[in-house]
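Worksheet: one structure, shown below.
The values are calculated or read from the model by the stated rules, or taken from the named source; none is laboratory data. From a predicted model like this one, the values you see are computed outputs, not experimental measurements. Cβ: placed from backbone, ideal geometry, glycine included. Neighbour counts: every protein chain shown.
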Amino acid sequence: MLCSRCPIHYPLPKAPINKPFIRQRLLPSRPTCQSLGVSGSLRMEAKSNTNTNIKDETSKRLSFDFLTKKPYTPPSWASHLNPIPSHVFSLGHLPTPIHRWNLPNLPSNTEVWLKRDDLSGMQLSGNKVRKLEFLLADAVAQGADCIVTIGGIQSNHCRATAVAAKYLNLDCYLILRTSKVLVDQDPGLTGNLLVERLVGAHIKLISKEEYAQIGSVNLTNILKEKLLSEGRRPYVIPVGGSNSLGTWGYIEAVREIEQQLEFDDIVVACGSGGTVAGLSLGSSLSTLKAKVHAFSVCDDPDYFYDYVQGLLDGLEAGVDSHEIVHIKNAKGLGYAINTSEELNFVKGIAAATGVILDPVYSGKAAYGMMKDMSVNPERWEGRKILFIHTGGLLGLFDKVDQISVGNWHRMDVHESVPRKDGIGKMF
C-alpha cells in the first residue's frame, strides 16, 4: 500500500470489456515509503492515514476493475447468511458520494444527507446497478446468452438491465407493461425506452390487464420457454431485480455507508422490495444500526413486509421484517401516477436544492418523508437522516406534459448595440 505522499502507482493490466472473466491480481511488488526516502515522521503520518490510503488505492483500482468479474467476500457481519454469492461484476461507479441536503422546513436540529446512488453511472444509474452486479455474475456463471426481465413501460430496472447485459455481450428481452390502448402501438423513444432501444433490447409489450391476470413470474417463464425452444440460454431476472441474490446489492451498500458516515435513520423508496431488504438487514447486522424507513410507491406496506420477509428467509437471516424496517404508504394515486402536488414538490426541490428527484420512486419517498416531518416533527427532531436517491431521472421525460416550468423570456438587446455579420461564432 502506498502512503499519501507516494507519487507512484502501478496500473492493473487492461482487459477486453466484452469477455467477462476473473481478474488475476498479478502486480509487481510496490516500493515502500522507506525505499523512496520518506522520513520517519512521514511514515508515522502514513500510518495514521491508513483509512484514507485504502480509499485512495480503491479509487485507483476502480477504473481498472470496471466490467470485470471478481470473487466476492461478504462483510464479516453478514458471513452467516446463506447462500453467499461466489462472484460479483463491477458495473457501478462506487462508492457513491454522500452530501448534506439543505431541504427547507426541516424539524428542529434535524439533518438530512443524500446518498447519491443516482450517480452510480449515467446509462446504469440508480439502485438497480447494485443488484445487477450480483445477478449478472450468476447469469454468466450459468452460461446464459440472454437476459429476460420485466417491468413498467418506463422501468429503470429494465433500462439498466438492457445496458448491463449489452456490456457483457448478452442479449436482453424486456417485457414492458403498458395500457391496453397502447399495447399494439410503437412504444416510442421517451425516457428509458430510448436507451433500451438504442442498445438493441428486444421489447415485448403486455397490457396492464393481462399482467394483472397472468403475473410477472408466469410471463417471464413463458418467454423463457420460448427462447429455450429456439436454442437460447436465457436467465430470468425478476421485477426490480428483487430476489434474495439481488438483496446482496444493498447489503454491500451498507458496508459502503459504514465507511462514510454514521446516521440515525435511513429513508428510501420501496418499489419491489430488494433494496429495502438489503438496507434493513445490513443496517441491523452491521455497526450502522440506523432505523430504516421505506416509503412504498406501489402496493401496500403489508405486501412489502411479507415480500421482504421472503427475501430475508431466502438468506436464512432469521429476523422479522417488522423489526428491522418501518414501511409507510406513499403510492398516492398509484404506481407511476402523480398528483400535481407531488410533481410541484419535485419541481420545488430541484429549484431549492439543485437535486432532481424522479417522480416514481425517490420523488414520492421524499414527498412522503417531508409530509411526515410536517405532521410528526417530534419523530424526526434532532435526527441525522440519510436519504437514498435511487435514480430514475429518465422517468421525468415521461411527465413533461404534466410539469410546467417558466423562467424564460427573449433577451432584449437595444438597437444601439453595434451589430456586425460574422462576429458571433456558432460553436
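Descriptive notes on the structure:
- Among (1) touching a helix residue (DSSP H, G or I) at 6+ places or on another chain (Cβ under 8 Å); (2) in a loop (DSSP other than H, G, I, E, B); (3) hydrophobic (A, V, I, L, M, F, W, C) - the single one residue 366 does not satisfy: (2)
- Residues located in region 344-390, provided they are in contact with a Pro (Cβ under 7 Å, 6 or more places away or on another chain) and without any contact (Cβ under 8 Å) to a residue 60 or more places away in the chain: 346
Residue-wise test of (1) at pLDDT below 95; (2) part of a loop (DSSP other than H, G, I, E, B); (3) surrounded by fewer than 24 Cβ atoms within 10 Å (Cβ to Cβ).
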| position | (1), (2), (3) |
| --- | --- |
| 235 | no, no, yes |
| 247 | no, no, no |
| 250 | no, no, no |
| 257 | no, no, no |
| 262 | no, yes, yes |
| 269 | no, no, no |
| 276 | no, no, no |
| 283 | no, no, no |
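- Boolean, residue 339 is over 24 Å from residue 253 (Cβ atoms) and in contact with a Gly (Cβ under 8 Å, 6 or more places away or on another chain): yes
- Taking the listed residues 85, 95, the one that is of a type outside the set (Gly, Ala, Ser), in contact with a Phe, Trp or Tyr (Cβ under 9 Å, 6 or more places away or on another chain) and in contact (Cβ under 8 Å) with a residue 24 or more places away in the chain is 85, with no other qualifying.
Okay, residues lined up against (1) assigned to a loop (DSSP other than H, G, I, E, B); (2) closer than 17 Å to residue 356 by Cβ; (3) not assigned by TED's automatic domain parsing to the domain that holds residue 389:
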residue: 64; (1), (2), (3): no, no, yes
residue: 73; (1), (2), (3): yes, no, yes
residue: 84; (1), (2), (3): yes, no, yes
residue: 88; (1), (2), (3): no, no, yes
residue: 93; (1), (2), (3): yes, no, yes
residue: 102; (1), (2), (3): yes, yes, no
residue: 112; (1), (2), (3): no, yes, no
residue: 115; (1), (2), (3): no, yes, no
residue: 118; (1), (2), (3): no, yes, no
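- Any pair with Cβ under 9 angstrom, 6 or more apart, that starts in region 235-263 at a residue that is at positive phi and not assigned by TED's automatic domain parsing to the domain that holds residue 139 and ends at one that is surrounded by fewer than 20 Cβ atoms within 10 Å (Cβ to Cβ) and not in a helix (DSSP H, G or I): none
- Residue in region 335-347 that is at negative phi, crowded, with 19+ Cβ neighbours inside 10 Å, in contact with a strand residue (DSSP E or B) (Cβ under 8 Å, 6 or more places away or on another chain) and outside any loop (DSSP other than H, G, I, E, B) present: no
- Residue that is nearest to residue 105 (Cα to Cα), among those in region 312-334 that are crowded, with 21+ Cβ neighbours inside 10 Å and under 22 Å from the mean Cα position of the chain (by Cα): 330
- Pairs with Cβ under 9 Å, 6+ apart, first in region 402-425 and in the same structural domain as residue 341 (by TED's automatic domain parsing) and part of a loop (DSSP other than H, G, I, E, B), second surrounded by 10 or more Cβ atoms within 10 Å (Cβ to Cβ) and modelled with pLDDT under 90: none
- Scanning region 292-329 for residues that are among the polar types (S, T, N, Q) and either under 13 Å from residue 280 (Cβ atoms) or part of a helix (DSSP H, G or I) (or both) turns up 309, 321.
- Only a single criterion out of (1) under 26 Å from residue 125 (Cα atoms); (2) loosely packed, with under 13 Cβ neighbours inside 10 Å; (3) not polar (S, T, N, Q) is not satisfied by residue 391, namely (2).
- Looking across region 178-199, just one residue is touching a helix residue (DSSP H, G or I) at 6+ places or on another chain (Cβ under 6 Å), under 23 Å from residue 212 (Cα atoms) and part of a helix (DSSP H, G or I), and that is 192.
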